[in-house]
């Protein structure tokens, strides 16, 4: 079952269960996926769908933080609930041990010795972690620490 089909099935079950918040979030996700498919004029594959979902998660994190800073707690909680829902459609997150292992393997594979080769190591580490949800900032910090 494709990502869009899963979301459509969950959308229908949310309608039947009258879960307004979940329904709203699923409609937003479906609209973002369909917009990308229409804009690119290609059928949506799961890898592209995951990238779109990751950007939606990042948007929810940023919005939640902004709402908290503005004292709008109820809106921040709504954004966080949407983030949690979107993350259920993403693959499992890579653990710190997985990241450490991938960084060590990437450094050994590329033979990198300094921070000037960070881009090469990052690319190799991301390739090793393909198919998992990876926090880019955390991975970058681990690569930087390993190369220093």
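The values are calculated or read from the model by the stated rules, or taken from the named source; none is laboratory data. Please read all numbers here as calculations on a predicted model, not as lab measurements. Backbone-built Cβ (ideal geometry, glycine too); neighbour counts: all protein chains shown.
Among the residues of segment 92-106, not a single one is at pLDDT 90 or above and within 30 Å of residue 120 (Cα to Cα). Within segment 94-122, the only residue that satisfies the criterion of being exposed (fewer than 13 other Cβ atoms within 10 Å of the Cβ) and within 23 Å of residue 46 (Cβ to Cβ) is 95.
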